Every structure is written in structure tokens, then in C-alpha cells.
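J.: My structure is below; once you've seen it, I'll send some questions.
The values are calculated or read from the model by the stated rules, or taken from the named source; none is laboratory data. What you see is a predicted model; the values in this text were computed from it and never measured. Neighbour counts are summed over all protein chains in view; Cβ atoms, including those assigned to glycine, are modelled from backbone coordinates with ideal geometry.
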Amino acid sequence: MSKVLRVLGVICGLSLAFSAQAAVINQFIEPQTRQEVQAYRLIKTIEPQIQQLYLALPMQAKLTVVYGAQDGPLFDPELMQIQVPYHFVSEVLNRFTKDDYQKTGVTPKQATKDALLHTLGHEYGHAYIYANEIIVLGREEDAVDTLATLLLINAFEEGAEIALSAADLFALEDEEIEELVEDDFSNEHSLDAQRYHATLCLIYGSEPAKYAALLADSLQREDRAVMCEQEYERQSDNWDRLTSSDLTQ
């Protein structure tokens with residue numbers, strides 16, 4: 001994979017976003033099919049939001065984000081690259097479209113953009129942990145899921161709404177699983193259903209009054225509500241400590 005990215009000479013887009021601490025370079029490999037062109041155009045429409053996301057938690061290390069990669073989404077620590085295939089964007093768009101997601105009041109294209117921002121926040125979390133040698137006790141995948149949600153909430157005025165689309169994507173992916181097998185439990189990621197509920201919990205905790213309906217179907221609603229508020233407060237404290245530490249200086 002890395003050899004392919006090194007030799008690909010056709011890059012149809014290059015953008016730089018600099019802060020005092022960080023430089024993130026976006027590279028776009030030339031799309032070849034109609035679906036890839038659609039994915040490319042969708043990504044380009046949210047470039048400002050993507051950069052805003054990274055600047056919410058800048059780091060000193062230089063990072064390249066390659067769109068149109070063959071594998072991913074993933075973070076490659078050797079290359080300091082986030083790799084995002086166009087087909088990933090197309091698959092997410094198809095999933096939201098197939099589910100008639102516009103009935104929620106959010107179009108499939110907007111939901112895809114939202115989910116992509118969460119995915120990029122997730123992979124950026126891996127890069128941040130690696131670049132700053134942050135100790136993570138427990139699953140790093142769970143940690144960067146949390147970080148991605150907090151990034152959205154802190155980077156955007158309606159960041160919780162963006163995270164809600166990402167949570168719904170986890171739910172849709174969970175619906176496609178007919179039967180769990182042993183590999184599902186040993187996977188580095190939590191189950192999609194778990195990722196869905198963990199994201200909802202943080203969203204609810206960020207504004208309990210606004211998002212009360214998210215827990216309406218829970219059998220232990222009161223206990224869960226208290227737990228989610230506490231979890232959000234705890235993770236927000238962690239966020240404040242992270243952004244105020246010398247890691248970003």
C-alpha cells in the first residue's frame with residue numbers, strides 16, 4: 001500500500017492548513033470512476049470543516065491525509081498518513097441512501113459528510129496519540145472514538161448533531177450483521193452496537209435536555225442518564241487537560 005502511494009504521481013488537489021503548532025496536508029489522488037468523482041467532490045465541499053476539526057487539537061507533527069488510497073480508513077504511523085479510500089465514502093453514502101436517511105431531516109449526503117468528519121477525527125486521534133506518545137490504558141480504538149466525538153463537539157457549534165449522524169452509521173452497520181462470530185468479539189474495535197451507544201451517551205451527556213429522547217428507549221433510562229452525564233463530564237475534563245497540556249505547545 002505505501003509503495004503505491006509513493007509512486008502515484010497524479011494528485012488533483014493539494015491544500016495546506018497551518019497553525020502555530022501543526023501542518024496538515026491533504027492530498028487527493030485523481031478519481032477514475034463516476035463514483036470516485038462523486039466521493040471526491042463530496043470531500044472537497046467540507047475541506048474547511050476538516051481543517052477546523054484538526055485545529056481544535058493541533059499537534060507539532062506533520063501529517064498527510066491521502067484521499068483515494070486503496071485501503072482504509074486507517075492511520076499509517078510509518079508514513080504519518082491518514083488514508084481514506086474513495087470507495088469508503090461511496091459505501092457510506094449508499095448506506096445512508098438505502099436507509100432513506102432523509103426521513104430524519106438530514107440528507108444522505110450531509111450524513112455522509114458528518115460520518116466522514118467523525119472518521120477523520122478517529123484516525124487523527126490515532127495520529128495524535130502516536131505523535132505525542134500518549135499512554136492509553138485500554139483499547140485505543142475506544143479512546144479515539146471518544147476523542148472523535150469530543151473533537152466534533154468542541155470544534156463545531158452543532159458538533160453533537162454531526163456526531164449523531166456518525167452514531168447512526170454504527171447502528172446501520174450493526175443492522176447488517178446477521179450473526180456474531182468469534183472474530184467480532186476479538187476485533188480491535190468494539191461492536192458497532194457498542195460504538196453506537198457509547199457515542200449516543202456522550203451526545204446526551206453534552207446537552208441532556210436537548211437530547212433526552214436519545215435515551216427514551218432505554219430500560220434503565222434514569223441510571224443511564226446519570227452515567228452518561230458523568231461520563232461526558234469526565235471526558236470533558238480529560239479534554240480540557242489534554243488541550244491545556246504542553247503537548248500542543
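J.: When only residues in segment 46-63 that are over 15 Å from the mean Cα position of the chain (by Cα) and surrounded by fewer than 18 Cβ atoms within 10 Å (Cβ to Cβ) count, which is farthest from residue 127 (Cα to Cα)?
T.: Among them, the one singled out is 48.
J.: Hey, another quick one. In segment 182-207, how many residues are in contact with a helix residue (DSSP H, G or I) (Cβ under 7 Å, 6 or more places away or on another chain), in a loop (DSSP other than H, G, I, E, B), modelled with pLDDT under 95 and not small (Gly, Ala, Ser)?
T.: 3
J.: Can you tell me which residues in segment 110-133 are among the charged types (D, E, K, R) and farther than 19 Å from residue 52 by Cβ?
T.: Answer for segment 110-133, where residues must be among the charged types (D, E, K, R) and farther than 19 Å from residue 52 by Cβ: just 133.
J.: Of all residues in segment 66-125, how many are in contact with a Lys or Arg (Cβ under 9 Å, 6 or more places away or on another chain), surrounded by fewer than 24 Cβ atoms within 10 Å (Cβ to Cβ) and part of a helix (DSSP H, G or I)?
T.: 4
J.: Being closer than 21 Å to residue 208 by Cα, within 15 Å of the chain's Cα centre (by Cα), of a type in the set (A, V, I, L, M, F, W, C) and at pLDDT 95 or above, is that true of even one residue in segment 167-181?
T.: yes
J.: Right, here's the next one. Residue by residue through segment 128-148, note down the ones that are outside any loop (DSSP other than H, G, I, E, B) and more than 14 Å from residue 242 (Cβ to Cβ).
T.: If the condition is that a residue be outside any loop (DSSP other than H, G, I, E, B) and more than 14 Å from residue 242 (Cβ to Cβ), then 130, 140, 141, 142, 145 are the ones that fit.
J.: In addition: Can you list residue pairs whose Cβ atoms sit under 8 Å apart, with the first residue in segment 156-181 being surrounded by fewer than 19 Cβ atoms within 10 Å (Cβ to Cβ) and in a helix (DSSP H, G or I) and the second being at pLDDT 90 or above and hydroxyl-bearing (Ser, Thr, Tyr)? Count only pairs 6 or more apart in sequence or on different chains.
T.: 171/196; 174/196
J.: Return the total of residues in segment 50-76 being of a type in the set (Ser, Thr, Tyr) and in contact with a Phe, Trp or Tyr (Cβ under 8 Å, 6 or more places away or on another chain).
T.: Count: 2.
J.: Continuing with the same structure: Could you check, for segment 62-83, whether at least one of its residues is among the acidic types (Asp, Glu), over 26 Å from residue 108 (Cα atoms) and modelled with pLDDT of 95 or more?
T.: For segment 62-83, residues among the acidic types (Asp, Glu), over 26 Å from residue 108 (Cα atoms) and modelled with pLDDT of 95 or more: present.
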